[in-house]
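Have a look at the structure below before the remarks.
The values are calculated or read from the model by the stated rules, or taken from the named source; none is laboratory data. This structure is a prediction, so every number in the text was calculated from the model and none was measured. Note that each Cβ is placed from the backbone with ideal geometry, even for glycine, and that neighbours are counted across all protein chains shown. What goes into the accessible areas is simple: the full protein's heavy atoms, side chains included, and nothing from ligands, DNA or RNA. Shrake-Rupley method; radii C 1.70, N 1.55, O 1.52, S 1.80 Å.
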Amino acid sequence: TRSTVSSIRSQDVGLLIQIPGTVIRQSKSKLLEYSRAFVCLACKRQWTVTSDESEEKDIAYPKSCTCKSTSVQSVEGSKVLIDYQEICLQEQIQKLGIGKIPRSIRVVLTRDLSDSCQPGDDIEVI
């Protein structure tokens, strides 16, 4: 558990931490393409490509198969969409010292967490 946003350090990357804060801004909830299946028309191999939820990026469409064929096609009806929203979490004012500027951090909310809070809410993010 970290007590403030400014107490997060680079050695915390990859670790599960808990941080309290106040939501100061939120984006609109959007649909993000999470995964899609592809098939090689030459060798009939099928695989699924998944996007990175932490970044709002489209799926990288494969240019070729492992058999070197460039005849790759998406499988009809295989697209999986998830809810995606970004919020800005700021240190809680009551936990700051006098004269300190509150720090903030971007937090990505996906699936059922999207639209679960609004600006002004005090929350804890794990």
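Would you mind checking LYS28/LYS68; LYS30/LYS63; LYS30/LYS68 for any pair whose Cα atoms are more than 30 angstrom apart? With Cα atoms farther than 30 Å apart: LYS28/LYS68; LYS30/LYS68. With an 8 Å Cα cut-off and a minimum separation of 6 or more residues, compute the relative contact order for the stretch 76-126 in percent. The normalised contact order for the stretch 76-126 reaches 40 percent. With the Kirkwood sum run over all distinct C-alpha pairs, the stretch 1-125 has a hydrodynamic radius of 17.2 Å. When the Gaussian network model of the chain links Cα atoms closer than 10 Å, the mean-square fluctuations of SER51, SER35, SER71 top out at SER71. Relative contact order of the chain, taken over Cα pairs closer than 8 Å and 6 or more residues apart, is 35 percent. Can you find, among ILE93, SER104, GLN46, the residue farthest towards the positive end of the dipole of the chain? Put +1 on the C-beta of Lys and Arg, -1 on that of Asp and Glu. Most positive-ward Cα: GLN46. Backbone phi angles across the stretch 40-48, fed through the Karplus curve with coefficients 6.51, -1.76 and 1.60 (θ = phi - 60°), yield HN-Hα couplings of 8, 6, 7, 9, 6, 5, 10, 8, 10 Hz in residue order; Gly and Pro are listed as x. Other residues within the sphere of radius under 14 Å centred on the Cβ of LEU16, judged by their own Cβ, net out at -1 (K and R +1, D and E -1). Considering only GLU33, GLU76, GLU91, the Gaussian network model of the chain with Cα springs below 10 Å gives its largest mean-square fluctuation to GLU76. Each residue, THR48 and SER3, gets one label point 7 Å from its Cα in the Cβ direction; the gap between the two is 4.4 nm. Since only THR66, SER78, SER27 are under comparison, the one whose Cα sits farthest along the positive direction of the charge dipole of the stretch 27-126, derived from C-beta charges on Lys, Arg, Asp and Glu, is THR66. Placing unit charges on the Cβ atoms only, positive for Lys and Arg and negative for Asp and Glu, gives the stretch 1-109 a dipole magnitude near 180 debye about its Cα centre.
For the chain, report the accessible area per residue in Å² (1.4 Å probe, heavy atoms, rounded to an integer).
Each residue of the chain exposes 67 Å² on average to a 1.4 Å probe.
Leaving out ligands, DNA and RNA, what percent of the accessible area of the stretch 64-113 is carbon and sulfur, probe 1.4 Å? In the stretch 64-113, the share of accessible area belonging to carbon and sulfur is 50 percent.
Remark on the stretch 21-92: Rg and Dmax equal 17.1, 57 Å (Cα only).
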